[in-house]
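Okay, so here's the structure we're looking at.
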Amino acid sequence: MDSNDMALEALRTSNGLERDHVPFEAIEQTYRLLVNRVYERDESSTMRMMEEIAKKYLEGGRI
Amino acid sequence: MMVLQVVEMVNFMPFKGCHKLEIAASEMQNVTLVFGDNMRGKTSILNAVRWVFYGVAMGRHSKPIPLWQLPNKEAGLEGDWRMEVRVKFIADGATYDLRRQALKKAHIACPERDEDYDVHVNMMKDGMPVAAHHIPTEINRYIPEQVSRFFLFDGELLQEYESLLVEGDEQGRQIKESIEKVLGVPALINGRDYAGVLLKKMQKVQNQDMKQFAAAASLIDSRKVKQERIDIIEKDLVQLKARSLRTRQQREELDDCLEKVEAIYSAKANADALEKELKRCSEEHDVVAEKKRSLVSSSWKVLASRVVLQRLNDLQGQEKEIAVRIDKRQAVKLEIEQLKRILSYSECPTCRQPVDGAYRNSAGERLGFLEGGVPDSQDEEEINEIRSEIRNLNRLISKSPIDELRKCTSDIQGLDLRSIRIEGEIERLRQEVKGYDTAEIMRWRANRDVLIKEEARIEEAISNSDADRAKLLKDLRQIDVSINALPQANDVKSSKYVQYFSVLERVFSDSVERLRENLRTRVESAASEAFKKLTTQKMYSGLKINNNYGLAILDEKMSVVGIRSAGAEQIVALSLIDGLGRTGRSAGPIVMDTPFGRLDTKHRDNILAYLPTTARQLVLLVHDGEIKSRADLAQISHRIGAEYTIHHIGPRHSEIREA
């Protein structure tokens with residue numbers, strides 16, 4: 001288990017403790033996006049991509 | 001996973017001309033050795049790798065070396081001011097060719113500033129050029145600069161890791177940040193922060209969407225008030241943090257000045273002490289010189305000593321003869337006394353018998369003979385005169401002063417040399433002290449005290465603002481729940497987004513601490529495992545991690561070992577780095593400069609046996625003091641895939657040759 005797996009495990013546990021949790025797929029996808037763009041200076045584009053993920057799950061009827 | 005293949009340097013630091021290192025890349029032969037004496041260019045190789053990837057080379061105390069000081073000066077004086085480093089590597093199946101060049105501007109004759117150079121960076125990926133603005137992103141994907149200290153490291157700086165054990169230490173804080181970067185914590189922190197920003201944005205959209213519903217009006221107003229207060233607090237926090245940073249920088253600048261002044265004070269105290277030492281030297285010099293003068297003034301005795309000795313010898317012979325005569329005469333006088341006493345008795349005083357007549361006659365004859373034979377003598381007077389003369393002569397026969405004279409001369413020369421050295425040192429120290437204004441120093445100290453108080457005040461304000469913000473955010477969550485519970489909320493799209501980002505923010509926020517806790521446990525376990533393999537002290541049971549990722553050594557009773565040697569410090573630091581490497585994302589090759597400097601041979605052997613098994617590629621830049629012979633490398637000989645030696649050609653010219 002590397003630190004990626006550990007981070008995902010932590011996210012899964014935290015999400016599981018939430019009453020209104022969101023699909024873990026959305027969290028995992030967001031996390032992988034953040035890992036790939038962790039040294040990206042253009043933060044607003046990363047946030048736009050996070051919104052896209054949210055839109056995919058919220059408007060695609062997954063939630 | 002990244003695999004480094006080739007490092008090529010042209011006129012980089014002492015490496016005049018073109019030099020190429022092919023890095024051992026096979027999994028079983030993954031060690032590249034570069035031997036070089038001190039000041040030959042080992043650290044320059046480390047810097048070449050650093051410069052090609054990040055455009056920076058580090059000098060002593062981790063300070064960047066100005067660009068214009070990097071190109072080889074000898075080549076420059078011959079008209080070639082070009083400098084270039086090129087690396088080829090493979091990552092995720094793609095082949096990369098990265099080249100960084102510094103070229104002197106055409107109108108500059110002799111570069112003396114960074115601005116005198118143009119720097120060009122080119123990258124090819126599988127033979128296709130990568131756009132300039134994508135190059136840093138490509139590099140950061142495989143070997144991020146922020147965590148470069150864990151794979152491009154200077155053995156001399158390993159002791160910095162001890163600062164992780166000190167709570168509140170600035171250097172420790174920076175290293176902790178780097179550690180968390182290599183472990184991937186910033187991705188979660190960014191997730192928390194970005195989700196917070198998006199949540200706020202969506203809350204504002206929801207405010208607009210819901211204002212048409214009367215039931216939501218008061219809740220929305222309340223949320224707006226709290227959001228405005230949060231905005232104000234966040235703006236204040238930005239300003240406070242900027243002020244905190246400025247204050248800390250100002251205080252650090254003063255710390256540097258005062259540190260220098262401390263050196264000045266110390267120099268002045270040393271100069272004063274040396275003045276006293278010089279005075280003592282001068283006094284001692286006078287004493288020795290006086291003694292020498294005295295020895296020289298009595299040196300005529302050496303010349304007279306032969307005659308005196310002859311005379312002394314004669315006199316001692318005469319004294320002996322006279323003494324024999326005196327002894328004989330004394331014996332005769334004693335016998336005369338006895339005979340006279342005998343002849344004065346008519347009978348024996350003991351038995352009262354009358355004395356025999358014949359015996360009396362014989363005694364009388366003997367007495368007459370003896371009294372007739374005792375001459376008058378001047379022997380006593382004569383012997384006294386002789387003895388007096390012997391005493392006087394003995395005073396003249398003293399020890400030879402030659403040895404003492406030599407010693408005095410040598411002492412005087414030693415004292416002269418010492419005085420000259422002390423005078424030189426005093427002059428140097430006085431120059432160091434010259435021009436410093438003590439009133440200015442006092443002002444620095446006062447300012448520093450003010451800044452320290454200011455720092456504490458700002459930190460307290462930040463802490464209070466953080467607490468206020470946290471409370472307001474908690475209130476906002478409650479309001480969010482209340483708004484989303486309204487039936488009208490289901491009719492607006494923004495409600496779903498608020499709920500989504502609210503959960504996302506909490507999940508990422510909770511995960512940060514959860515991940516940190518898990519990572520610390522993993523790093524502690526992996527580092528302990530490495531430490532037990534690296535240390536020669538079998539009584540140590542492992543390492544214990546603190547919140548900063550600082551590692552303490554545990555003894556056999558699981559108690560923390562308080563005092564650690566520099567060597568132990570290095571072993572702990574290497575264990576931490578290995579633990580991080582095995583817990584975090586793979587960083588690819590490890591380049592180590594002078595890694596065994598503080599270690600004994602047993603620890604060195606343990607590291608040599610261990611590191612090649614855990615690192616994908618290992619480049620060791622070592623000197624003869626660390627690895628003395630081929631026998632030292634016997635245990636990793638099967639792992640060595642490439643070996644080079646740095647040859648000294650001149651003070652500004654070294655060459656890399658394949659060994």
Residue list for region B:171-202, restricted to those being within 11 Å of chain A (Cβ to nearest Cβ) and free of Cβ contacts under 8 Å to residues at least 12 places away in the same chain | B:Pro186, B:Ala187, B:Asn190, B:Asp193, B:Tyr194, B:Val197, B:Lys201
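Only one of these is among the basic types (Lys, Arg), surrounded by 13 or more Cβ atoms within 10 Å (Cβ to Cβ) and farther than 30 Å from B:Gly368 by Cβ: B:Arg329, B:Arg251. Name it.
Values: B:Arg329 fails: farther than 30 Å from B:Gly368 by Cβ.
Exactly one of B:Arg329, B:Arg251 is among the basic types (Lys, Arg), surrounded by 13 or more Cβ atoms within 10 Å (Cβ to Cβ) and farther than 30 Å from B:Gly368 by Cβ, namely B:Arg251.
Surrounded by fewer than 19 Cβ atoms within 10 Å (Cβ to Cβ), over 23 Å from B:Gln5 (Cβ atoms) and away from chain A (no Cβ under 14 Å) - does that describe any residue in region B:83-96?
Our first condition is that a residue be surrounded by fewer than 19 Cβ atoms within 10 Å (Cβ to Cβ); within region B:83-96, this holds for B:88, B:90-95.
If we keep only those that are over 23 Å from B:Gln5 (Cβ atoms) as well, we get none.
There is no residue in region B:83-96 that is surrounded by fewer than 19 Cβ atoms within 10 Å (Cβ to Cβ), over 23 Å from B:Gln5 (Cβ atoms) and away from chain A (no Cβ under 14 Å).
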What pairs can you find where one residue is in region B:135-155 and more than 19 Å from B:Met123 (Cβ to Cβ), the other is of a type in the set (S, T, N, Q) and surrounded by fewer than 20 Cβ atoms within 10 Å (Cβ to Cβ), and their Cβ atoms are less than 7 Å apart, with a gap of 6+ or different chains?
-> B:Gln146/B:Ser178; B:Val147/B:Ser178; B:Arg149/B:Ser178
Number of the condition not met by B:Ser494 [criteria: (1) crowded, with 16+ Cβ neighbours inside 10 Å; (2) without any contact (Cβ under 8 Å) to a residue 12 or more places away in the chain] | (2)
Quick one: is B:Ser502 in contact (Cβ under 8 Å) with a residue 24 or more places away in the chain, of a type in the set (Gly, Ala, Ser) and at the interface with chain A (Cβ under 9 Å from one of its Cβ atoms)?
-> yes
Using the structure shown, decide if B:Ala323 is of a type in the set (A, V, I, L, M, F, W, C), surrounded by 13 or more Cβ atoms within 10 Å (Cβ to Cβ) and touching an Asp or Glu at 6+ places or on another chain (Cβ under 9 Å).
-> yes
Count of residues meeting criterion [loosely packed, with under 12 Cβ neighbours inside 10 Å and either under 47 Å from the mean Cα position of the chain (by Cα) or within 19 Å of B:Gly414 (Cα to Cα) (or both)] in region B:288-301 = 2
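From the list B:Ile452, B:Ile458, which one is away from chain A (no Cβ under 14 Å) and either over 31 Å from the mean Cα position of the chain (by Cα) or of a type in the set (Lys, Arg) (or both)? Break it down into steps so the answer makes sense when it comes.
Numbers: B:Ile452 fails: either over 31 Å from the mean Cα position of the chain (by Cα) or of a type in the set (Lys, Arg) (or both).
After ruling out the rest, the residue left standing is B:Ile458.
Residue-by-condition table, conditions (1) modelled with pLDDT under 95; (2) aromatic (Phe, Trp, Tyr):
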residue: B:Asn30; (1), (2): yes, no
residue: B:Phe35; (1), (2): yes, yes
residue: B:Arg40; (1), (2): yes, no
residue: B:Ser44; (1), (2): yes, no
residue: B:Ala48; (1), (2): no, no
Residues of region B:543-561 that turn out to be in a strand (DSSP E or B) and crowded, with 19+ Cβ neighbours inside 10 Å, as a count | 4
Checked pairs for region A:24-47, first within 13 Å of B:Val507 (Cβ to Cβ) and buried (at least 20 other Cβ atoms within 10 Å of the Cβ), second modelled with pLDDT under 90 and among the small types (Gly, Ala, Ser), C-beta under 8 Å and 6 or more apart or across chains, list as none
Taking region B:479-518 and keeping only residues that are closer than 13 Å to B:Gly196 by Cβ and β-branched (Val, Ile, Thr), one is left with B:Val498, B:Val503, B:Val507, B:Val512
Can you name the residue in region B:508-525 that is without any contact (Cβ under 8 Å) to a residue 40 or more places away in the chain and at the interface with another protein chain (Cβ under 7 Å from one of its Cβ atoms) and is also farthest from B:Val182 (Cα to Cα) among such residues?
-> B:Asp510
When the residues of region B:562-581 are filtered to those that are hydrophobic (A, V, I, L, M, F, W, C) and crowded, with 16+ Cβ neighbours inside 10 Å, which remaining residue is nearest to B:Ile179 (Cα to Cα)?
-> B:Leu580
Note on region B:530-554: residues under 18 Å from B:Ile607 (Cα atoms), more than 24 Å from the chain's Cα centre (by Cα) and in contact (Cβ under 8 Å) with a residue 24 or more places away in the chain are B:Ala530, B:Lys533
What number of residues within region B:18-35 are over 21 Å from B:Ala615 (Cβ atoms) and in contact (Cβ under 8 Å) with a residue 60 or more places away in the chain?
-> 2
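The values are calculated or read from the model by the stated rules, or taken from the named source; none is laboratory data. Given the structure is predicted, the values throughout are model-derived calculations rather than measurements. Positions of Cβ are generated from backbone atoms using ideal geometry, with glycine treated the same way; all protein chains shown enter the neighbour counts.
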